[in-house]
Ligand code: TXA
Ligand code: MG
């Protein structure tokens, strides 16, 4: 299969909508990361997503809608807490796990009784949903376990020959996937941190907690979010997260110097470090925006080992920390 890469335009959006209605896959831009979309109501189309990504069948997909009218038939109920969150943070980088209706085929929810739903804010994503008239199932458009794509070229690197069309609308605004929240009674349970932060959720909901799997490895049993069981966000290189200030970081990594060792540090460290390195910003927002891109760039440079500085796990920084520690397979050197 030839993979076409087209810039977002009236004609490419119309073509994307036509392919989606015909049960094909299209990679689309969103404000978080690029998504690999298909008609969420068509089980044959959804099956193609699992094949194209090499995704385990028990890892459910997020369904993207452009209105509350489109959402309503997909769920059995919409608890007040979910409605409050939706009113404040949709359209935007937040996903709500809700009791699913029969309109959602079980392949989308991987057999669960719930479905994850998001209303993205990216204007091109919204137009593609609008023109197709379909709720779109869309995981991140990377090969399973690889870092999520924040540029159309990342999607091309992973999906060339596997899907017919990629719509290019430049870099994703946030650079990390959405916050996934499951509502249980009055409690908002954060399954995956993202750009909608713990404190933003707490402004609306009295009881908010963070799933154990956000900061710790999965320890067996039933995962509240099946995606948390799997190796994730990994470049080809081995990633090791190093806790401690830049002086200790330099002292430690100097002793590991070798042709294939690279460091991933903050912008402010750039002048201090002599080992080959890339930087990924200073603020948590910059780090969110650059992390996945840098991991892919380090692969292209031939890095075999990457020593990464530890982000501060606050605000959107919690999401950066979560993705990096998972990329590292929870391998952390603590120099503090
Ligand atoms: O920002 C995003 O969320 C991007 C863009 C494309 O929208 N999508 C994305 O999808 O990150 P994906 O498939 O890469 O991650 C979906 C996550 C997985 O960890 C999955 O296990 C979890 O959401 N999830 C999906 N449905 C769920 C459900 N019913 N219950 C619990 N977790 C669920
Ligand atoms: Mg993903």
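The values are calculated or read from the model by the stated rules, or taken from the named source; none is laboratory data. What you see is a predicted model; the values in this text were computed from it and never measured. Every residue, glycine as well, gets a Cβ built from its backbone with ideal geometry; the counts of neighbours run over all protein chains shown.
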Could you check region 84-121 and list, in sequence order, the residues that are more than 16 Å from ligand 2 (Cβ to nearest atom), assigned to a loop (DSSP other than H, G, I, E, B), touching a strand residue (DSSP E or B) at 6+ places or on another chain (Cβ under 8 Å) and in contact (Cβ under 8 Å) with a residue 40 or more places away in the chain? 104, 112, 119
Any residue in region 156-164 that is in a loop (DSSP other than H, G, I, E, B), out of contact with any helix residue (DSSP H, G or I) (no Cβ under 8 Å at 6 or more places or on another chain) and away from ligand 1 (no atom under 14 Å from the Cβ)? yes
Which of the residues belonging to region 1-21 are under 20 Å from residue 153 (Cβ atoms) and surrounded by fewer than 18 Cβ atoms within 10 Å (Cβ to Cβ)? 1, 2, 3, 4, 5, 6, 7, 9
Would you call residue 330 out of contact with any helix residue (DSSP H, G or I) (no Cβ under 6 Å at 6 or more places or on another chain) and on the phi > 0 side of the Ramachandran plot? yes
Selection within region 105-133 - within 11 Å of residue 29 (Cα to Cα), more than 7 Å from ligand 1 (Cβ to nearest atom) and within 17 Å of the chain's Cα centre (by Cα): 121, 122, 125
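If you check residue 178 against the conditions, is it over 21 Å from residue 284 (Cβ atoms), within 13 Å of ligand 2 (Cβ to nearest atom) and either in contact with a helix residue (DSSP H, G or I) (Cβ under 8 Å, 6 or more places away or on another chain) or touching a residue at least 40 places away in the same chain (Cβ under 8 Å) (or both)?
On the way: over 21 Å from residue 284 (Cβ atoms): no; within 13 Å of ligand 2 (Cβ to nearest atom): yes; either in contact with a helix residue (DSSP H, G or I) (Cβ under 8 Å, 6 or more places away or on another chain) or touching a residue at least 40 places away in the same chain (Cβ under 8 Å) (or both): yes.
So residue 178 fails the test.
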Looking at this structure, is residue 77 loosely packed, with under 14 Cβ neighbours inside 10 Å and either at pLDDT below 95 or outside any helix (DSSP H, G or I) (or both)? yes
Restricting to region 35-64, count the residues that are farther than 22 Å from residue 164 by Cα and in contact with a strand residue (DSSP E or B) (Cβ under 8 Å, 6 or more places away or on another chain). 1
Region 1-23 residues that are at pLDDT below 95, paired with ones that are in a loop (DSSP other than H, G, I, E, B) (beta carbon under 8 Å, 6 or more apart): 1/161; 1/162; 1/163; 1/164
Give me the pairs, please: first residue somewhere in region 205-227 and farther than 23 Å from residue 186 by Cα and near ligand 1 (Cβ under 10 Å from one of its atoms), second residue anywhere and assigned to a loop (DSSP other than H, G, I, E, B) and at pLDDT below 85, beta-carbon distance under 7 Å, and either six or more positions apart or on two chains. none
Filtering region 49-74 down to residues that are away from ligand 1 (no atom under 11 Å from the Cβ), part of a loop (DSSP other than H, G, I, E, B) and at pLDDT 95 or above yields 54, 65, 66, 67
Output for region 132-155, where each listed residue is outside any loop (DSSP other than H, G, I, E, B) and either in contact with a strand residue (DSSP E or B) (Cβ under 8 Å, 6 or more places away or on another chain) or in contact (Cβ under 8 Å) with a residue 12 or more places away in the chain (or both): 132, 136, 137, 140, 152, 154, 155
Can you say whether residue 140 is touching a helix residue (DSSP H, G or I) at 6+ places or on another chain (Cβ under 8 Å), under 23 Å from residue 6 (Cα atoms) and within 13 Å of ligand 1 (Cβ to nearest atom), as far as the supplied structure shows? no
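Among the residues of region 191-211 satisfying the criterion of being within 16 Å of ligand 2 (Cβ to nearest atom) and outside any loop (DSSP other than H, G, I, E, B), which is farthest from residue 308 (Cα to Cα)? Quick ask: steps written out before the conclusion?
Just the residues of region 191-211 that are within 16 Å of ligand 2 (Cβ to nearest atom), to begin with: 191-195.
From the residues that got through so far, the ones that are outside any loop (DSSP other than H, G, I, E, B) too are 191-192.
Details: 191: 24, 192: 21 Å.
Per the criteria, the residue is 191.
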Could you list, in sequence order, the residues of region 176-190 that are at pLDDT below 95 and part of a loop (DSSP other than H, G, I, E, B)? 185, 186
Please list, ordered by residue number, the helices (runs of 4 or more DSSP H) wholly in region 212-327 having 1 or more residues that are within 28 Å of residue 179 (Cα to Cα), within 22 Å of the chain's Cα centre (by Cα) and at pLDDT 95 or above. 284-300, 317-327
